[in-house]
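Worksheet: the structure to be examined is printed underneath.
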Amino acid sequence: MAQPWSFEEDYIVCKFYLEHVQSWRKNLECLMTLLRDSGFLNRDKGSARMRVQNYESLHTGKGLSNAAKQSRDIYSAMLNRITNPGKYQALYSRLDSATSKSFNKVPTNLHSYVPVGAPIGEDFYQVFRRFLDASGLTDPQVYGSCNMGRDTFWRILHHKNSGINKKTVVQLCFGLKLSYEDSVTLIGAAGFSFALGDEFDHVVATYLKNKDYDVNDVNLSLAERRVPESLFLLPKNRKSSVKE
């Protein structure tokens, strides 16, 4: 008989899934490392994969009945912690406790791994327009300051961009001069999230948290860490001037 998953194990799996929504299958070995490093040595990759699928079912709304009650509770607590802080308070305490036990440097602030998805009733374009209107900036000020082409910005503004990618959304965060928390919201609305172990995400998040919106400095930091140039916040037709 399979050993039941502890609350702390389930928390690690949930957090991993929310950080790798689009790519969890190819990063499953990272989850196995997290479990081992946290003292959970008895899980095989097959059972871990099935546990992640619990959260995928919850996140996509498919096969909800397949998810264990403990998984549903943890997922609901993480999903509601920002939008409805008065709910699941007892579980929040356990989440924070699990964080402190299982990770040495992971912050307990759930903005660091907020589930992807737009606020209820809004899609990505609505969230973007809301932030644009609130910024008080002109369109050229936004796309000019983040190295985005005018045509790309226009397509997003008029809902003509059906294949928006994470780097483009990150550029918008810098162009709009969003706080880290608002950046997480906009990136989540596009279906992406910050992954704590990703070098690009780490650099970008650090600048956003410090409210430093100079994308040229961001590119320099990415170059220093040898992040692939394809991830630099530069338009496709402009080459980086950063020297190796």
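The values are calculated or read from the model by the stated rules, or taken from the named source; none is laboratory data. What you see is a predicted model; the values in this text were computed from it and never measured. Cβ atoms come from the backbone with ideal geometry, glycine included; neighbour counts cover every protein chain shown.
Points to keep in mind about this one:
- The requirement of being more than 19 Å from Asp123 (Cα to Cα), in the same structural domain as Gly136 (by TED's automatic domain parsing), crowded, with 22+ Cβ neighbours inside 10 Å and of a type outside the set (S, T, N, Q) is not satisfied by Val170.
- Count of the range 133-160 residues which are touching a residue at least 60 places away in the same chain (Cβ under 8 Å) and assigned to a loop (DSSP other than H, G, I, E, B): 4
- Per-region count, the range 12-42, residues aliphatic (A, V, I, L, M) and out of contact with any Lys or Arg (no Cβ under 7 Å at 6 or more places or on another chain): 6
- Filter pass, Ala190 being in contact (Cβ under 8 Å) with a residue 12 or more places away in the chain, over 18 Å from the mean Cα position of the chain (by Cα) and in the same structural domain as Val169 (by TED's automatic domain parsing): no
- Applying the condition of being in a loop (DSSP other than H, G, I, E, B) and in contact with a Lys or Arg (Cβ under 6 Å, 6 or more places away or on another chain) to the range 188-213 and asking which residue is surrounded by the most Cβ atoms within 10 Å (Cβ to Cβ) yields Phe192.
- Options Lys160, Lys177; residue that is over 30 Å from Leu34 (Cβ atoms), of a type in the set (Lys, Arg), in contact with a helix residue (DSSP H, G or I) (Cβ under 9 Å, 6 or more places away or on another chain) and at pLDDT below 90: Lys160
- Meets criteria (touching a residue at least 60 places away in the same chain (Cβ under 8 Å) and either among the polar types (S, T, N, Q) or in a helix (DSSP H, G or I) (or both)) for Val218: no
- Some residue of the range 2-12 being within 16 Å of Asp201 (Cβ to Cβ) and either buried (at least 19 other Cβ atoms within 10 Å of the Cβ) or of a type outside the set (D, E, K, R) (or both): no
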